[in-house]
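One structure is given below, encoded as structure tokens.
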Amino acid sequence: MLPTALTALLVLLLEFFLDHDQRPQNSQFQKSLRFELRHEHGVSPDARVVFSDVPSTTSLVYGNESSYSIETQYMTSYRPSSFSAFNDARIRSMRHAQSANLPWYETEILGPNVKKRETLLELAKMTNNAYVVPDDSQWYELGENWITHYPFGWEPDADGFRGYVFATPDNSTVILSIKGTSAAVWGGAGPTAKKDKLNDNLLFSCCCARIDWSWTTVCGCHRGGWKCDQDCLEQALVEDSLFYPIGTNLYNNLTYMYPTSDIWIIGHSLGGAVASLLGVTFGTPVVAFESPGERLAASRLHLPSPPSTHHVTHVYHTADPIAMGTCNGILSSCALGGFAMETRCHQGKSIVYDTVSNLSWSVDIRKHGIVNVIEEILGKPWQPSEDVGRSVPPAAAEEDCVECYSWEFGNFPS
């Protein structure tokens with residue numbers, strides 16, 4: 001019999017190599033994490049990120065749930081040596097059109113098991129609750145859950161970047177949930193609608209939301225016909241797109257609050273696109289629901305590209321014209337609502353539910369909401385996947401994806 005100390009050492013070594021080298025994917029090595037709502041987050045009128053602690057007894061609007069159980073899996077991620085090095089590479093690219101040789105570090109991280117329907121369902125519920133205050137029907141009707149010494153920034157006439165922070169009881173894993181667009185055209189407007197629309201039109205249009213001559217553009221880069229000045233466009237996106245820099249500030253605040261925790265980011269629509277941009281920046285797992293194509297925005301923001309972005313997972317269905325990139329043109333529902341949603345290409349991998357073929361859904365902007373995803377898609381077994389022994393459709397990279405092909409981008413001085 002081996003001495004006790006040696007036996008313990010061998011057990012520790014075995015666990016280490018199983019965790020860090022083999023990463024078995026069968027169910028006996030997977031585990032579930034339980035998450036609780038910890039904080040609300042938002043932006044004050046002076047653009048500071050503010051947090052509010054939420055009492056542990058508070059329940060949430062959707063399903064009256066205060067905790068969530070989520071299955072996990074190991075995944076490969078690439079992270080920059082530091083955020084400052086990442087930011088320096090961005091600045092060099094923007095100012096000098098040079099790609100910096102940024103070192104990326106491959107690491108194995110614990111993320112959500114996106115192959116499980118139940119995992120996606122729980123994350124979708126958490127994403128839905130980024131739109132509302134706990135135990136309230138509207139986000140901006142504040143209750144007594146806020147700590148009064150924080151600046152609110154939640155007045156009905158304010159507009160900001162909002163969401164929740166969830167954490168496991170031992171703080172080993174933290175989830176940042178980011179709210180998407182609030183707009184009456186797809187399910188109820190709110191006080192953030194103005195800023196949401198600005199970010200949507202900057203991030204997801206081909207050229208400053210130039211749909212036709214009657215539109216007021218969000219930047220001055222259109223040069224007549226189908227020409228757009230590339231430098232002007234990129235500068236406008238960097239200077240005027242508020243949500244990405246606020247998101248990086250928020251993430252850095254979270255790493256200060258939870259220095260040893262794994263952080264995941266989730267979001268719906270605009271929130272999902274911002275989550276993806278942050279996930280590429282920091283190498284953290286992302287699950288984005290019904291997000292517009294954000295690959296073009298990542299390029300225009302000059303985000304250094306890691307060797308792989310497969311730690312980012314998009315989940316959407318074929319009846320959503322926003323996620324599919326078909327909600328465009330002067331007579332589209334998006335354009336009628338003042339949105340130029342013209343991009344379609346996503347980073348990472350995408351889990352696409354073909355609701356048009358399998359559920360006979362018509363393509364309709366009203367299907368863009370996260371509640372449809374929860375109740376009609378994830379809330380019940382997806383039979384096409386069940387028939388082939390899967391829980392959800394396979395995640396695949398979007399290859400050979402082309403967008404904004406009618407436009408000519410280049411150096412077109414005003």
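The values are calculated or read from the model by the stated rules, or taken from the named source; none is laboratory data. Keep in mind that what you see is a predicted model, and the values were worked out from it rather than measured. Here Cβ is always computed from backbone atoms with ideal geometry, including for glycine, and neighbour counts include all displayed protein chains.
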What residue, among those in the stretch 263-276 that are buried (at least 24 other Cβ atoms within 10 Å of the Cβ) and hydrophobic (A, V, I, L, M, F, W, C), is farthest from Pro80 (Cα to Cα)? Leu270
Can you tell me which of Thr355, Thr343, Thr326 is surrounded by 15 or more Cβ atoms within 10 Å (Cβ to Cβ), in contact with a Phe, Trp or Tyr (Cβ under 8 Å, 6 or more places away or on another chain) and more than 17 Å from Val274 (Cα to Cα)? Thr355
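Results for (1) in contact (Cβ under 8 Å) with a residue 12 or more places away in the chain; (2) among the aromatic types (Phe, Trp, Tyr); (3) assigned to a loop (DSSP other than H, G, I, E, B), shown as yes or no for each residue.
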{"residue": "Gly293", "(1), (2), (3)": "yes, no, yes"}
{"residue": "Ser299", "(1), (2), (3)": "no, no, no"}
{"residue": "His302", "(1), (2), (3)": "yes, no, yes"}
{"residue": "Tyr316", "(1), (2), (3)": "yes, yes, no"}
{"residue": "Ala323", "(1), (2), (3)": "yes, no, no"}
{"residue": "Cys327", "(1), (2), (3)": "yes, no, yes"}
Can you pull out the residues in the stretch 203-231 that are at negative phi, hydrophobic (A, V, I, L, M, F, W, C) and surrounded by 17 or more Cβ atoms within 10 Å (Cβ to Cβ)? Leu203, Phe204, Cys206, Cys207, Ile211, Trp215, Val218, Cys219, Cys221, Cys228
Cβ-Cβ below 9 Å, separation at least six or inter-chain, first residue in the stretch 367-378 and of a type in the set (Asp, Glu), second surrounded by fewer than 21 Cβ atoms within 10 Å (Cβ to Cβ) and modelled with pLDDT of 90 or more: which pairs? Glu376/Leu359; Glu376/Trp361
Would you point out which residue out of Glu234, Glu290 is modelled with pLDDT of 90 or more and either crowded, with 22+ Cβ neighbours inside 10 Å or more than 13 Å from the chain's Cα centre (by Cα) (or both)? Glu290
Ile91 being over 21 Å from the mean Cα position of the chain (by Cα), more than 24 Å from His314 (Cβ to Cβ) and modelled with pLDDT of 50 or more: yes
Taking the criterion of being within 25 Å of Met126 (Cβ to Cβ), touching a helix residue (DSSP H, G or I) at 6+ places or on another chain (Cβ under 7 Å), assigned to a loop (DSSP other than H, G, I, E, B) and at pLDDT 95 or above, would at least one residue in the stretch 395-405 satisfy it? no
Out of (1) more than 26 Å from Cys208 (Cα to Cα); (2) of a type in the set (Val, Ile, Thr); (3) surrounded by fewer than 24 Cβ atoms within 10 Å (Cβ to Cβ), the one Val312 does not meet is (3)
So for the stretch 215-229 (the condition being of a type in the set (Val, Ile, Thr), closer than 26 Å to Gly180 by Cα and touching a Cys at 6+ places or on another chain (Cβ under 6 Å)), does at least one residue qualify? yes
Any residue at all in the stretch 251-262 that's surrounded by fewer than 19 Cβ atoms within 10 Å (Cβ to Cβ), without any contact (Cβ under 8 Å) to a residue 40 or more places away in the chain and within 25 Å of Leu378 (Cα to Cα)? no
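Residue-wise test of (1) more than 17 Å from the chain's Cα centre (by Cα); (2) under 21 Å from Leu331 (Cα atoms); (3) at pLDDT 85 or above.
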| position | (1), (2), (3) |
| --- | --- |
| Ala184 | yes, yes, no |
| Gly225 | yes, yes, yes |
| Cys228 | yes, no, yes |
| Gly247 | no, no, no |
| Asn253 | yes, no, no |
| Ile266 | no, no, yes |
